[in-house]
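What follows is a single structure, written as structure tokens, with notes after it.
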Amino acid sequence: MSHKVSVITINYNNKVGLEKTIQSVINQTWLGFEYIIIDGASTDGSKKLIERYSDKINYWVSEPDTGVYNAMNKAIKVANGDFVIFMNSGDTFYENSILEKVNPLLTDQYDIYYGDNYKVKPSSKRKKNYPEKLSFAFFYSSCINHQSTFIRRKMFYDYFLYNEEYRIVSDWEFFIYTICVENRPYKYLQMTISNYDFTGISSLDKYRHIAKQEKVAVFDKYFPMFIEDFDKVSDIKSKRIQQVLYIKNFKTPWKVFKGIINFLALFSSKKG
């Protein structure tokens, strides 16, 4: 049985990237999807661009919003698909046949389907591969990618929409909660799904402190026992140095901490 997919594009003053994304979406070889564009009242001509492609778009709006997650929530509320995928302005599907390849794999068995992507900057393009097993240990320092993930829309109503108080980590909060706390089933798609425009706020070093503060708030909400240790880990870049500091500085003894991490990884992981 075919499952309907809602492809969602969020945009604000990125006309060039928006057209690239629109072209990637409307040129998909499988057409059984709906396309939604939420524009934050752009002033760079994005609205006129959307109007030019309006016959290819199922729903669009150009109006002020309070941020990217507010815009994403608007899209979720009007979406009709069984699954949603966020392909924001500047992002593109890896191939024109991606939706055609993925749709037969979407079933009622799993709630989250994710694949790989290329992180694209003006001067570089780097492949990002993801593990088949997602665990607390994985989310402790990483996350799956919006542009390469198909999410069952119903989950946003079963649990929560994106937290609009955060600027960077609301998707990470959603994934770590639904997978590691609620143990929702997921499946790794062994294919590259998207080219991810790696120039946004979440990829810039100057905003790293905001992401850290928001992650600490999420840990405080769901995993308070790891707050102090996460605060230390987030500042460590060398894995070798990490292991030394774990032993010397952590409030939680290293053996105990490692054991808890491994236990949660085992408990929260699902077979793909």
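Ordered by the number of other Cβ atoms lying within 10 Å of each residue's own Cβ, fewest first, His209, His3 fall into the sequence His209, His3.
To the nearest 0.05, what FRET efficiency results for Gln213 and Glu164 with a Förster distance of 22 Å applied to their C-beta separation? Intermediate values should be presented prior to the final figure.
Working: r = 16 Å, r/R0 = 0.72.
It comes to 0.90.
Rounded to the nearest whole Hz, the Karplus-based 3J(HN,Hα) values (6.51 cos²θ - 1.76 cosθ + 1.60, θ = phi - 60°) of the stretch 132-137 follow the sequence 6, 9, 9, 9, 4, 4, with x at glycine and proline.
Modelled this way, with points 7 Å down the Cα-to-C-beta line, the labels at Glu182 and Leu105 are 2.3 nm from one another.
Computed from phi, the 3J(HN,Hα) profile of the stretch 52-63 under the Karplus parametrisation 6.51, -1.76, 1.60 (θ = phi - 60°) reads 5, 9, 4, 6, 9, 10, 7, 8, 8, 8, 10, 7 Hz, with x in place of Gly and Pro. For the stretch 115-168, the alpha-carbon radius of gyration amounts to 1.38 times the rule-of-thumb value 2.2 N^0.38 Å expected for a compact globular protein. Rounded to the nearest whole Hz, the Karplus-based 3J(HN,Hα) values (6.51 cos²θ - 1.76 cosθ + 1.60, θ = phi - 60°) of the stretch 160-175 follow the sequence 6, 6, 5, 6, 7, 6, 9, 9, 10, 10, 5, 5, 4, 4, 4, 5, with x at glycine and proline.
For the pair the stretch 15-30 and the stretch 97-133, the centres of their Cα atoms are 17 angstrom apart. May I ask for the percentage of alpha-carbon pairs in the stretch 20-97 that lie more than 17 Å from each other? For the stretch 20-97, the share of Cα pairs beyond 17 Å comes to 45 percent. A straight chain from Arg52 to Lys4 at 0.36 nm per residue would run longer than the Cα-Cα distance by 14.8 nm. Amide H to amide H, with H built 1.01 Å from N, Gly81 comes under 5 Å of Ser6, counting only residues 5 or more places away or on other chains. Ranked by the mean number of other Cβ atoms within 10 Å of their residues, highest first, the peptides 53-59, 118-124 come out as 53-59, 118-124.
From the P(r) of the stretch 71-226, could you give the percentage of C-alpha pairs in the tail past 18 Å? For the stretch 71-226, the share of Cα pairs beyond 18 Å comes to 60 percent.
With Cβ to Cβ distances under 14 Å as the rule, what net charge do the other residues near Lys125 carry (K, R +1; D, E -1)? It works out to a net charge of +2.
Just so you know, all these numbers are worked out from the coordinates, no wet-lab data involved. All values reported here derive from a predicted model rather than from experimental measurement. Counting neighbours? That spans all protein chains shown, and the Cβs are built from the backbone with ideal geometry, glycine included.
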